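**Student:** Got a structure for you, questions after.
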């Protein structure tokens with residue numbers, strides 16, 4: 001039979017459990033207080049920098065690698081899992097990268113990674129330390145945009161802060177992590193983020209599907225879909241005949257096709273008749289069937305965007321570009337800035353460019369009597385469907401030739 005003393009001696013485990021439970025409860029309460037205090041911190045504005053918008057809405061900001069005098073051009077890219085420098089820029093700045101066995105994939109191919117480690121970047125009035133830049137060849141991007149691209153800013157930077165990209169003012173705002181007041185009239189996406197953000201969206205053509213996509217501000221197009229997804233999903237109407245084209249990405253050029261999707265819906269925002277590129281994902285960049293492709297910045301630039309990686313919220317507010325008409329033009333002509341000249345780099349078979357008589361390596365002297373040699377301007381002059389455009393080219397050894405090209409529509 002138990003005695004009075006037995007109440008305290010026969011159940012030491014129960015007593016220990018009770019004490020432990022009390023300790024855990026106190027600890028949980030403390031953690032809750034700390035968490036509440038931490039969550040009460042407001043995000044603070046660190047810096048504000050202007051940006052330039054290139055073809056397809058791609059955002060380019062200027063920054064300085066600490067210790068070097070040159071101001072560099074960086075693409076802001078949610079589709080990049082790190083931060084990078086151009087190999088030519090490294091040579092110009094006399095920076096020697098370290099070769100590794102790691103690989104990086106892009107739509108143009110796979111390359112071994114080289115790194116420039118533990119560097120600092122000054123962006124506006126802020127300095128970001130302890131950045132490890134991987135090194136890639138961005139000559140093709142520089143030639144596409146007609147301006148030097150020195151690097152790409154991705155997850156390594158974006159994950160440290162809250163970043164607002166305002167296309168109405170062409171300003172980028174960088175805040176500390178914390179609570180931020182989102183503007184009225186927008187919508188909070190909640191992407192799955194490991195290093196690259198993944199978001200579901202609805203697409204409709206012959207049928208309606210809700211696949212996953214990369215959310216990619218570094219892609220200067222509307223939508224890019226994996227050809228395997230197109231085949232397996234039977235998304236497109238059988239009578240659709242996509243047109244051949246080329247696109248440029250990390251690693252070089254890639255052959256693609258372009259067509260129109262009847263409808264695309266991101267959150268509550270619905271777009272109709274959206275230009276869509278299709279590509280053979282030879283290097284499995286989209287990890288199909290996990291992803292169908294990517295959403296590019298010719299859609300995303302129609303919103304002012306707040307990127308809050310810490311809370312996994314991408315907040316979209318429709319801006320003044322929301323109702324801009326999509327670019328339906330098709331010429332089959334690729335123009336590039338190469339060695340101080342604007343040259344023809346691509347001429348698609350049976351395209352308006354081929355029918356006009358243009359050939360690869362023709363040097364473009366002027367478009368519609370405009371001799372400014374402004375590549376971005378020339379490309380915009382080729383985006384008006386139905387227009388007849390006059391190109392003055394220098395073809396060796398024939399000399400100066402005048403070509404007349406009619407801009408076709410993919411719609």
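The values are calculated or read from the model by the stated rules, or taken from the named source; none is laboratory data. Remember, it's a predicted structure, so these values are computed and weren't measured experimentally. With ideal geometry, Cβ positions are generated from the backbone for all residues, glycine too; neighbour counts draw on all protein chains shown.
**Student:** With the structure loaded, tell me whether residue 228 is farther than 30 Å from residue 91 by Cβ, surrounded by 15 or more Cβ atoms within 10 Å (Cβ to Cβ), out of contact with any strand residue (DSSP E or B) (no Cβ under 8 Å at 6 or more places or on another chain) and assigned by TED's automatic domain parsing to the domain that holds residue 283 or whether it fails that test.
**Tutor:** yes
**Student:** Can you find a residue in the range 390-404 that is over 16 Å from residue 343 (Cα atoms), over 25 Å from the mean Cα position of the chain (by Cα) and in contact (Cβ under 8 Å) with a residue 24 or more places away in the chain?
**Tutor:** Yes, the conditions are met somewhere in the range 390-404.
**Student:** Wholly within the range 295-388, which helices (runs of 4 or more DSSP H) include no fewer than the required count, namely at least 1 residues that are closer than 30 Å to residue 269 by Cβ?
**Tutor:** Passing ranges, in order: 297-300, 375-381.
**Student:** Need a quick list: strands (runs of 3 or more DSSP E) entirely within the range 53-150 having at least 1 residues that are buried (at least 20 other Cβ atoms within 10 Å of the Cβ) and assigned by TED's automatic domain parsing to the domain that holds residue 278.
**Tutor:** Ranges flagged: none.
**Student:** Would you be able to tell me the number of residues in the range 254-297 that are surrounded by fewer than 17 Cβ atoms within 10 Å (Cβ to Cβ) and under 22 Å from residue 349 (Cβ atoms)?
**Tutor:** 3
Quick grid of which residues meet (1) modelled with pLDDT under 95; (2) in contact with a strand residue (DSSP E or B) (Cβ under 8 Å, 6 or more places away or on another chain); (3) within 22 Å of residue 61 (Cβ to Cβ):
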residue: 74; (1), (2), (3): no, yes, yes
residue: 82; (1), (2), (3): yes, yes, yes
residue: 85; (1), (2), (3): no, yes, yes
residue: 93; (1), (2), (3): no, yes, yes
residue: 100; (1), (2), (3): yes, yes, no
residue: 106; (1), (2), (3): yes, yes, yes
residue: 109; (1), (2), (3): yes, yes, no
residue: 116; (1), (2), (3): no, yes, yes
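**Student:** Here is a further query. Let me spell it out: the conditions are (1) in a strand (DSSP E or B); (2) touching a helix residue (DSSP H, G or I) at 6+ places or on another chain (Cβ under 8 Å); (3) touching a residue at least 60 places away in the same chain (Cβ under 8 Å), and residue 221 meets all of them except one. Which number is the exception?
**Tutor:** (1)
**Student:** With the structure loaded, tell me whether residue 346 is out of contact with any helix residue (DSSP H, G or I) (no Cβ under 6 Å at 6 or more places or on another chain), surrounded by fewer than 18 Cβ atoms within 10 Å (Cβ to Cβ) and either at negative phi or without any contact (Cβ under 8 Å) to a residue 40 or more places away in the chain (or both) or whether it fails that test.
**Tutor:** Here the answer is no, as residue 346 does not meet what is asked.
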